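The values are calculated or read from the model by the stated rules, or taken from the named source; none is laboratory data. In this text, all values refer to a predicted model and were calculated from it rather than measured experimentally. Backbone-built Cβ (ideal geometry, glycine too); neighbour counts: all protein chains shown.
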Amino acid sequence: MIHFLAPGQGVLDWMQALPISEWITESNWGFPIMLVLHSWGMAAVVGILVMLDLRILGLARIAPLSAFPPMMSLAWVGFFINLISGVLMFMADANRLIVNWSFLSKMSCVLLGGIVTAVLWRRLRAAGALAVHQSVAPPRVAVAGGSGVGVVAVNSEEEAPASVPLAVDGSVRVLAILSLALWSGAILFGRWIAYVMDNMILHGAFGGH
Amino acid sequence: MNGLTHTLTPFLNWLNDSWLGVVTRQYHYLFTAGLVLHFIGLSLLMGAMLIVDLRLLGFPRQMPITAAMKFLPIAIIGFLINLCTGVMMVSFDALDYWLNPAFRVKMALVLLAGLNALWFTLVEQRRVLSQPSDQKTTIAVRTSAALSLLVWFAIIFWGRMIVAFQSSSSF
């Protein structure tokens, strides 16, 4: 069934035979600990990215986008926690995960979510929305009228970039919606991995268990 | 069977035998959907709490406190999603959940988080919203914010432990 992956088979077997993989699968606490780390990391990375998306879509318009770069650093911390715990969990069960459609879908969502977020972040930066224009004073003007993605939400009118192309507004909104959908998809398919696994075992895909 | 369990048994049975429990047991995909939504609710709640609590602790300075507090409704929405999906999942096998030590710790911590949030809302919120944004929050507010983050992350920990403690792991 999985012969088309044969060239990579050795690598997958090697991963699964590593001591850390054995600890994750055999010990009582290995797998739960990985899942806890994965959930904590998710809370940080998905939580913060979703707040950024919602901010772009109109929530908390008085929150300056220039306050988000420090939050983004925290999202990166969450991402790396999940990268490490995710790679370890993959290694522990590599042969079965590589043919699990839900796992592959999750990875696609994470990859696309990352790309969309990177593009969105670049757009905001290019529009000057992430730069701190003024020390700490609260913004007097939230967002101009209904155009308001907040690319124009800077702390003071006089220092606002002369012109923020409206084209950025619309496309940044679309990117934010895409981002929300992709991270939700990552959660959905992430949860589904175990069910697909159970079905595969039930249907004897792994030579009987 | 201890006293609290004895007191709660009628309620647990009622929840277990309610239409919600019946439907959740009949359609397993409902349970799965509840679990997925529980994680989406978690992301909403935690994202908002990180922004609010970290700001009350002073990070990042560029964020006005009044602006950070605008994310609170999202935390409430996330919490309500998790309350509903949580009740649904418990109704699947109410007594089994109640007898699970990880579940009890989680519920105690949710209660603590709730009391902490209530105290902040009733006692401190007004003052925090009216103070100048570059002024440091009081030690009481910072303690409450730190406790909030600590407790919410602990809730995630014990939530994950529920399955680890489950004797008959059907999920």
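Within region A:173-184, identify whether any single residue is within 26 Å of B:PRO64 (Cβ to Cβ), buried (at least 18 other Cβ atoms within 10 Å of the Cβ), at pLDDT below 90 and of a type outside the set (S, T, N, Q), and answer yes or no. Checking region A:173-184: not a single residue is within 26 Å of B:PRO64 (Cβ to Cβ), buried (at least 18 other Cβ atoms within 10 Å of the Cβ), at pLDDT below 90 and of a type outside the set (S, T, N, Q). Quick one: in region B:69-78, which of the residues that are crowded, with 17+ Cβ neighbours inside 10 Å and more than 7 Å from every other protein chain (Cβ to nearest Cβ) is farthest from A:ALA63 (Cα to Cα)? Going through the qualifying residues, I end up with B:GLY78.
If you go through region B:43-67 and keep only what is facing chain A (nearest Cβ under 7 Å) and part of a helix (DSSP H, G or I), you end up with B:SER43, B:LEU44, B:MET46, B:GLY47, B:ALA48, B:LEU50, B:ILE51, B:THR66, B:ALA67. Once region B:145-171 is narrowed to residues that are more than 12 Å from chain A (Cβ to nearest Cβ) and either β-branched (Val, Ile, Thr) or in contact with a Ser or Thr (Cβ under 9 Å, 6 or more places away or on another chain) (or both), the residue that is nearest to A:ALA194 (Cα to Cα) is B:VAL151.
Among the residues examined, B:LEU109 does not qualify as under 27 Å from B:SER144 (Cβ atoms), more than 9 Å from chain A (Cβ to nearest Cβ) and either exposed (fewer than 15 other Cβ atoms within 10 Å of the Cβ) or of a type in the set (Asp, Glu) (or both). Taking the listed residues B:VAL87, B:VAL123, the one that is surrounded by fewer than 19 Cβ atoms within 10 Å (Cβ to Cβ), β-branched (Val, Ile, Thr) and under 23 Å from B:GLY21 (Cβ atoms) is B:VAL87, with no other qualifying. Inclusion of A:LEU74 among residues that are at pLDDT 95 or above and more than 12 Å from the chain's Cα centre (by Cα) is warranted. Screening the candidates A:ARG191, A:ARG122 for the property of being surrounded by fewer than 18 Cβ atoms within 10 Å (Cβ to Cβ), among the basic types (Lys, Arg) and either out of contact with any strand residue (DSSP E or B) (no Cβ under 8 Å at 6 or more places or on another chain) or modelled with pLDDT of 50 or more (or both) yields one hit, A:ARG122.
Screening B:ASP53 against (1) of a type outside the set (A, V, I, L, M); (2) at pLDDT 95 or above; (3) farther than 30 Å from A:LEU180 by Cβ leaves a single unmet condition, (3).
When A:ILE20, A:ILE33 are screened for being crowded, with 16+ Cβ neighbours inside 10 Å and either within 12 Å of another protein chain (Cβ to nearest Cβ) or assigned to a helix (DSSP H, G or I) (or both), only A:ILE33 passes. Scanning region A:43-98 for residues that are more than 13 Å from chain B (Cβ to nearest Cβ), not in a helix (DSSP H, G or I) and not β-branched (Val, Ile, Thr) yields one hit, A:ASP93.
Scanning region B:15-31 for residues that are in a helix (DSSP H, G or I) and in contact (Cβ under 8 Å) with a residue 12 or more places away in the chain gives B:LEU15, B:ASN16, B:LEU20, B:GLY21, B:THR24, B:ARG25, B:LEU30, B:PHE31.
Among the residues of region A:50-66, those that are surrounded by 22 or more Cβ atoms within 10 Å (Cβ to Cβ) and under 19 Å from A:SER179 (Cβ atoms) comprise A:VAL50, A:MET51, A:LEU52, A:ASP53, A:ARG55, A:ILE56, A:ALA60, A:ALA63, A:LEU65.
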